[in-house]
Amino acid sequence: MTCIKNIKIAGCKPNKRAIALNVLCIVSILTALLLCSTSLSAKDMPGTIIINSSSSIKKYRLIQQAFEKNFQGETLNIDLADNNAKTQDLETILQQYPESVIYTIGTPAFIKAYKTSEQNNIIFSSTLNWRRLPVAENIYGIANEPPPLMQLTLYRYLFPKINNIGVIYSQGYNREWLSEAMSAADEVGLTIKPAAIENPSQLRKALTALLPEVDVLWLISDPIVIASPESAKLIFTQSRHTKKPIFAYDKSFSQHALLIISADIPTMGQQVANLANQLLGKQQAPNHVINPAGTYITLNIKKLKAYQIELNNDALDSVNEIIE
Amino acid sequence: MTFKRFRRLVFLAVLFSFYCDIPVYSAATEDPGKQTIYFYNPETNINNFTSLKIAFDTYLGNYKNYNFQPFDNKQVFESTIINHQDSVFILSSWHYQFLQNLLDIKPVLVGLDNGKATQRKVLTAKKFISNVEQLRGKTIAVSGSERYSRSILREILQQSHSVILDKLTLILVPKDIDALLAVGFGMASGALTNETSLEKLKLINPKQYSQLHILGVSKETFLTIVAVPHKNSKENQTILDILSDMGNTEDGRKKLNMLRLDGWRKLTPSETSKLQSVQKEILK
């Protein structure tokens, strides 16, 4: 360095040793900078490593934003859809931070984290049928749908004249859910009429038998019931022909369903952040899997008029979105 | 004139023309030429602004070129209305008490819910939580903004329990019924809601209702209000007349139901004075 300085000021000739020393200095500085960019000191350990299956999916992006807004600490974000160095080297990253909580958004992210880490606490969200995920002491999460009682209470609130609700389901996927739903229905003075199917070919027969017996069809997330686009089309066609409205769980059905109740995404993001804060603060979480505390309600006024369903107008302030 | 100088002049001329043509965009993205009614309510988290705007624009479109502009962000709302002080505002009565320091406006109409112009907030919990002390460090589900909710909780908890407020985690849910059910399901230890919402739960789910009890109640406050500039215009008066009439038609009432109201009435002079007396609450 002295010689370089001298070159500027006094024009002295550098010797080979000085040059080698200077090169060594520069290489050391660059190496240090490189290390800093790829690793954090213990002091900078991310409280949560967020693994998003794909932040290009709007609901995944929204829940991550809600989480980041409410989480008290640093995060390290990984988007599996990016397929960059971070996603490829996930195992190394997770090994560096065994104390961090891993928050996974979407099933692919959960599977990746579950296979890669044994020691981190993992919180999942945005997965369908969470009951099919592996259960372990270090696994936590939030269900993707409001519990049946919450939905049934809202059905009762919005449509006081509806009493009998039909549900087509498969035992393999939704036996427990149905049991919970039937107890919940009793609590709010509703009746659930179930129809079980074992494979998609039984759907038409089940719809033909069930629809005349009920006031409304409750479409639930079941891969045997909605096995294909053709199954969905059959359900919508039959319900239209029999003039029976549909309650559904996802906005993708908004043109066909009278009412959609889904979990409120910003609330879920908050809840996951609170859970992460608890786990990092070494507090015991009351439950491994929590229910979403908020609901997002979409009402299709066209269907309301077409099926002449009586709506409790006092409940309109609880509706997030009206489709006309 | 050299080519270089000519080129510089052309550049400046183009820049100037762009400057002159740049429109003034507000967060409201309102239609020019239309009178706007501005709305913001921190007492609710429900995100139904698109539906609200469509519903009210459609209703007001029956009369003239009026524009209804809801906001979901307090800062954006306040920074927008600063430049539109001659307009009509639909506000939370709580928020109005702070806004009157910012704007030269007066309240003229108050919302009604089943004939009542006032409301009370209640803090409820499951029956095994017998007093507010047991809420220390717990989660409370609220359907309003964090600032508004903490203000009401401060009032309910009073000085003797104000320390508890700092230790509470608030979870913001879209609506009152979500907050009450969150307690039932154990997602929260308490809920802050309207008293009327608790009464509705009694009708739709008596079992959930029977598991809850009230730990504290706020003072009576006015429901949503309509405010106009002190120097009110003829145009604003026309809007006030249209709003006043909403409760007299089925269509108008349905629009008001989206605001948890079913009508409007004029505020009495004593009610106006009460609203205009500033509450000196220090908010965190």
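The values are calculated or read from the model by the stated rules, or taken from the named source; none is laboratory data. All of these numbers come straight from a predicted model, not from anything done at the bench. Neighbour counts run over all protein chains shown; Cβ positions are idealised from the backbone, glycine included. For the accessible areas, the whole protein counts, side chains as well, though only heavy atoms, and no ligand, DNA or RNA atoms are used. Shrake-Rupley method; radii C 1.70, N 1.55, O 1.52, S 1.80 Å.
Here are the numbers for the structure shown:
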{"read-out": "Condition check for B:SER145: more than 12 Å from chain A (Cβ to nearest Cβ) and of a type outside the set (Val, Ile, Thr)", "value": "yes"}
{"read-out": "Single residue of A:HIS241, A:HIS256 found to be closer than 21 Å to A:ILE165 by Cβ, away from chain B (no Cβ under 14 Å) and buried (at least 20 other Cβ atoms within 10 Å of the Cβ)", "value": "A:HIS256"}
{"read-out": "Residue list for segment B:183-200, filter: over 18 Å from the mean Cα position of the chain (by Cα) and surrounded by fewer than 24 Cβ atoms within 10 Å (Cβ to Cβ)", "value": "B:GLY184, B:PHE185, B:GLY186, B:SER189, B:LEU198, B:GLU199, B:LYS200"}
{"read-out": "Number of the condition not met by A:GLY166 [criteria: (1) in contact (Cβ under 8 Å) with a residue 12 or more places away in the chain; (2) out of contact with any Lys or Arg (no Cβ under 7 Å at 6 or more places or on another chain)]", "value": "(2)"}
{"read-out": "Set B:ILE214, B:ILE225, B:ILE171: member being away from every other protein chain (no Cβ under 14 Å) and open to solvent by less than 10 Å² (accessible area, probe 1.4 Å)", "value": "B:ILE225"}
{"read-out": "Qualifying residue in segment A:220-234 (condition: among the β-branched types (Val, Ile, Thr) and within 21 Å of the chain's Cα centre (by Cα))", "value": "yes"}
{"read-out": "Of all residues in segment B:92-112 being out of contact with any Pro (no Cβ under 9 Å at 6 or more places or on another chain) and part of a strand (DSSP E or B), the one that is surrounded by the fewest Cβ atoms within 10 Å (Cβ to Cβ)", "value": "B:LEU112"}
{"read-out": "Residues satisfying the stated conditions in segment A:23-67, i.e. in contact with a helix residue (DSSP H, G or I) (Cβ under 9 Å, 6 or more places away or on another chain), at pLDDT below 75 and part of a helix (DSSP H, G or I)", "value": "A:THR38"}
{"read-out": "Residue within segment A:202-212 that is open to solvent by less than 10 Å² (accessible area, probe 1.4 Å), touching a residue at least 12 places away in the same chain (Cβ under 8 Å) and in contact with a Gly (Cβ under 8 Å, 6 or more places away or on another chain) present", "value": "yes"}
{"read-out": "Total residues in segment B:50-80, condition aliphatic (A, V, I, L, M) and within 14 Å of the chain's Cα centre (by Cα)", "value": "2"}
{"read-out": "All positions within segment A:274-298 that are facing chain B (nearest Cβ under 9 Å) and either under 26 Å from A:VAL214 (Cβ atoms) or crowded, with 16+ Cβ neighbours inside 10 Å (or both)", "value": "A:ASN274, A:ASN277, A:ILE290, A:ASN291, A:PRO292, A:ALA293, A:GLY294, A:THR295, A:TYR296, A:ILE297"}
{"read-out": "Leading residue by the ranking (surrounded by the fewest Cβ atoms within 10 Å (Cβ to Cβ)) among those in segment B:32-76 that are in contact with a Pro (Cβ under 9 Å, 6 or more places away or on another chain) and away from every other protein chain (no Cβ under 14 Å)", "value": "B:PRO32"}
{"read-out": "Criterion: away from every other protein chain (no Cβ under 14 Å) and open to solvent by 10 Å² or more (accessible area, probe 1.4 Å) - qualifying residue of A:ASP317, A:ASP250, A:ASP222, A:ASP264", "value": "A:ASP250"}
{"read-out": "Those strands (runs of 3 or more DSSP E) lying entirely in segment B:129-229 with at least 1 residues without any contact (Cβ under 8 Å) to a residue 40 or more places away in the chain", "value": "B:169-172"}
{"read-out": "Scope segment A:149-165; condition open to solvent by less than 10 Å² (accessible area, probe 1.4 Å) and either away from chain B (no Cβ under 11 Å) or more than 26 Å from A:PHE110 (Cβ to Cβ) (or both); matching residues", "value": "A:LEU152, A:THR153, A:LEU154, A:TYR155, A:LEU158, A:PHE159, A:ILE165"}
{"read-out": "Condition met for A:ALA113 (farther than 30 Å from A:SER231 by Cβ, in contact (Cβ under 8 Å) with a residue 12 or more places away in the chain and not polar (S, T, N, Q))", "value": "yes"}
{"read-out": "Odd one out for B:ARG260 among (1) open to solvent by 10 Å² or more (accessible area, probe 1.4 Å); (2) assigned to a helix (DSSP H, G or I)", "value": "(2)"}
{"read-out": "Enumerated strands (runs of 3 or more DSSP E) restricted to segment A:118-212, each holding at least 2 residues that are more than 22 Å from A:ILE261 (Cβ to Cβ) and in contact with a helix residue (DSSP H, G or I) (Cβ under 8 Å, 6 or more places away or on another chain)", "value": "A:122-125, A:139-142"}
{"read-out": "Failed item in (1) more than 12 Å from chain A (Cβ to nearest Cβ); (2) in contact with an Asp or Glu (Cβ under 7 Å, 6 or more places away or on another chain); (3) open to solvent by 50 Å² or more (accessible area, probe 1.4 Å), with B:LYS207 passing the rest", "value": "(1)"}
{"read-out": "For A:LEU311: the one exception among (1) surrounded by fewer than 24 Cβ atoms within 10 Å (Cβ to Cβ); (2) within 13 Å of another protein chain (Cβ to nearest Cβ); (3) at pLDDT 95 or above; (4) in a helix (DSSP H, G or I)", "value": "(4)"}
{"read-out": "Selection within segment A:98-111 - at negative phi and within 15 Å of the chain's Cα centre (by Cα)", "value": "A:ILE102, A:TYR103, A:THR104, A:ILE105, A:THR107, A:PRO108, A:ALA109, A:PHE110, A:ILE111"}
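Listed here are the residues, each with its yes/no results for (1) over 30 Å from B:ARG265 (Cβ atoms); (2) among the acidic types (Asp, Glu); (3) open to solvent by 10 Å² or more (accessible area, probe 1.4 Å).
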| residue | (1), (2), (3) |
| --- | --- |
| B:ALA125 | yes, no, no |
| B:VAL132 | yes, no, yes |
| B:SER143 | no, no, no |
| B:GLU155 | no, yes, yes |
| B:VAL163 | yes, no, yes |
| B:LYS167 | yes, no, yes |
| B:LEU181 | yes, no, no |
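Rundown of residues vs (1) within 14 Å of chain A (Cβ to nearest Cβ); (2) under 26 Å from B:ASN257 (Cβ atoms); (3) out of contact with any helix residue (DSSP H, G or I) (no Cβ under 6 Å at 6 or more places or on another chain), yes/no style:
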site	(1), (2), (3)
B:LEU91	no, yes, yes
B:LEU99	no, yes, yes
B:LEU102	no, no, yes
B:GLY111	yes, yes, yes
B:GLY115	yes, yes, yes
B:GLN119	yes, yes, yes
B:ALA125	no, no, yes
B:SER130	no, no, yes
